[in-house]
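The values are calculated or read from the model by the stated rules, or taken from the named source; none is laboratory data. Everything quoted here is computed from the prediction, not taken from an experiment. Cβ coordinates were reconstructed from backbone atoms using ideal geometry, including for glycine residues, and neighbour counts include every protein chain displayed. Surface accessibility is based on the protein's heavy atoms, side chains included, excluding ligands, DNA and RNA. Shrake-Rupley method; radii C 1.70, N 1.55, O 1.52, S 1.80 Å.
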Amino acid sequence: MSDYLLLGGVALCAVSIVLAVIQLLRTEPPRAAVITLIVGIVLIFAGAYCNPDPFQPQDILSAWARITAEATGTAP
């Protein structure tokens, strides 16, 4: 569960950057980007809270590897 929360939070944070650029180019206040960024940060913290091990930046890549291995059926 923590892998999904972690990757979802990272994805939302990345999408918020794109939203901010689009909204600023359209001369709109980036409200949707800020909300998306806050939700992404909350998901990252929730994923780190659910995992008993300390959170490290390398956990993002290992979470991706575990989820893709689970999707292809090669999970241990």
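Yes/no per residue for (1) of a type in the set (Val, Ile, Thr); (2) modelled with pLDDT of 85 or more:
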residue: THR36; (1), (2): yes, yes
residue: ALA46; (1), (2): no, yes
residue: ASN51; (1), (2): no, no
residue: ILE67; (1), (2): yes, yes
residue: GLU70; (1), (2): no, no
Original post:
Of the residues in region 51-71, how many are in contact with a helix residue (DSSP H, G or I) (Cβ under 7 Å, 6 or more places away or on another chain) and of a type in the set (Asp, Glu)?
Top reply: 1
**OP:** Determine whether region 18-41 contains at least one residue that is assigned to a helix (DSSP H, G or I) and within 18 Å of GLN56 (Cβ to Cβ).
**Re:** yes
Original post:
Could you count how many residues in region 55-76 are open to solvent by less than 40 Å² (accessible area, probe 1.4 Å) and of a type in the set (Lys, Arg)?
Top reply: 0
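If you go through region 1-54 one residue at a time, how many are hydroxyl-bearing (Ser, Thr, Tyr), under 19 Å from ARG66 (Cβ atoms) and open to solvent by 70 Å² or more (accessible area, probe 1.4 Å)?
Residues of region 1-54 that are hydroxyl-bearing (Ser, Thr, Tyr), as a first pass: 2, 4, 16, 27, 36, 49.
So of that shortlist, the ones also under 19 Å from ARG66 (Cβ atoms) come out as 2, 4, 49.
Those still in the list that are open to solvent by 70 Å² or more (accessible area, probe 1.4 Å) too: 4, 49.
Residues meeting the conditions: 2.
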